[in-house]
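The values are calculated or read from the model by the stated rules, or taken from the named source; none is laboratory data. Quantities reported herein were computed from a predicted structural model and do not represent experimental measurements. Positions of Cβ are generated from backbone atoms using ideal geometry, with glycine treated the same way; all protein chains shown enter the neighbour counts. Note: accessible area is taken over every heavy atom of the protein model, side chains too, but ligands, DNA and RNA are not part of it. Shrake-Rupley method; radii C 1.70, N 1.55, O 1.52, S 1.80 Å.
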Amino acid sequence: MDLVGKRRIFFILSASIIIPGMIALLFYGLHLGIEFTSGSTLTVEFIAPVDVTKIEATLNRLGHPEAIVQRTGNAGFFIRLSELRQTTPAGTAERDIITEAFELLVPMARPLQVSSVSPLVAQDTVRNSFLAVLAAAVAILLYITWAFRSVPNSLRFGVAAIIAVVHDVLIVVGLFAILGQLIDLEVNAMFITGLLTIIGYSVHDTIVVFDRIRENTARMQGERFIRIVNTSLLETMGRSLNTSLTLLFTVLSLLILGGESIRSFLLVLLFGLTAGTYSSICIASQVLVVWETGEGGHFLRRMPFGASGGASGSQT
């Protein structure tokens, strides 16, 4: 099986998934949760089914026409709205007013659950999330470069791994941008947790392949680099697929049986695991081949860490 020979098909397939997501992100953005925009969320469960329009009408009457109501079960709802006031002009907390209004519709099975985030906390969350992802990328680049220091041009392995990680992140973010418009899928703190988890998984899967390339480079001296990479991919593909399928079955089970609060996290894992498995085989190693063979143009080869040399250059 010639996986390396199909690298252009893999790149085109990735572009066909990433580009629509980036277009959706550019024009519509992400459907941000209260952790990033400030506001309140309500989790309510009634003892009997209630029509969504009645919930929306009640909140509109109470001064929250912006409320987004999502059904979470036969008689449960997840509601996102602007930040609730602790004290209204009547001297009553807005939470208590909403509770009374809901009780008039149908008695609630359990007390109303409210979560609120202030604008200042939302700004801190955005900044910290960006810094966390950036720090993870830098740490990955430095670690892989050091770990593969025995291989000529080891920084290439680090850069290729980062490209694969960026590939996975763009796919996940793009899908969330599209689904945010289609089903109001929110990006919340659990999304960032899932994204960092996926970054770690993607790098782990990529390193398994890279490590086999390193071993085969020493074992298959004199062979063309393309054949070394293709052999390494075939030798590690079974392990990657088996590991990924095991995790995917677990995530799918949790997605079906789990609650609304972890749905965002599980969807990130579902999309990210799929993209990470694909990128470790079809993107990261193929980037190394493109770089080695010069298909990426002369720009990378002019970079200080991209100059061919040693055994690596002779295998091209």
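For the chain, the longest principal axis of the Cα atoms and the long axis of helix 52-61 meet at an angle of about 70 degrees.
Applying 1/(1 + (r/R0)^6) with r as the Cβ-Cβ distance of residue 220 and residue 71 and R0 = 51 angstrom yields a FRET efficiency of 0.30. For the chain, the solvent-accessible area of protein heavy atoms averages 50 Å² per residue (probe radius 1.4 Å; ligands and nucleic acids excluded). Largest mean-square fluctuation among 77, 210, 265, in a Gaussian network model of the chain whose springs join Cα atoms under 10 Å apart, belongs to 77. Solvent-accessible surface of protein heavy atoms, probed at 1.4 angstrom with all chains present, puts 248, 233, 141 in the order 141, 248, 233, largest first. Within the full protein context, the accessible area of residue 22 is estimated at about 50 Å² for a probe radius of 1.4 Å. State the label only: which of [x] 21.4; [y] 22.2; [z] 20.9 corresponds to Kirkwood radius over Cα pairs in Å computed from the shown model? Answer by label: [y]. Note on the chain: with a GNM built from Cα contacts shorter than 10 Å, the maximum mean-square fluctuation among 219, 71, 80 falls on 219. Modelled spin-label separation between residue 109 and residue 147, with each label point placed 7 Å from Cα along the Cα-to-Cβ direction: 4.5 nm. Keeping the other protein chains in place, figure out the carbon and sulfur percent of the accessible area of the chain, with a 1.4 Å probe. Solvent-exposed carbon and sulfur of the chain make up 64 percent of the total. Helix 119-147 and the longest principal axis of the Cα set of the chain meet at an angle near 20°. Expressed as a whole percent, the proportion of Cα-Cα pairs in the stretch 1-152 lying more than 29 Å apart is 46%. The calculated pair-distance distribution of the stretch 1-50 uses every alpha carbon pair, bins of 5 angstrom beginning at 0, and gives 4, 14, 11, 10, 11, 11, 10, 10, 7, 6, 5, 2, 0 percent. Taking all protein chains together and rolling a 1.4 Å probe, residue 182 ends up with roughly 130 Å² accessible. With R₀ set to 22 Å, the beta-carbon distance separating residue 211 from residue 246 gives a calculated FRET efficiency near 0.60.
Among DSSP bridges having both ends in the chain, what percentage is antiparallel? Round to the nearest 5.
The answer is about 95 percent antiparallel.
Ligands, DNA and RNA excluded, the heavy atoms of residue 289 present near 0 Å² of accessible surface to a 1.4 Å solvent probe.
Rounded to the nearest 0.05, the FRET efficiency derived from the C-beta distance between residue 48 and residue 253 at R0 = 35 Å is 0.75. Angle of helix 154-183 to the longest C-alpha principal axis of the chain, folded into 0 to 90 degrees and rounded to 10: 30°. Extension gain for the segment residue 239 to residue 293, taken as residue separation times 0.36 nm less the Cα-Cα distance, is 16.7 nm to one decimal.
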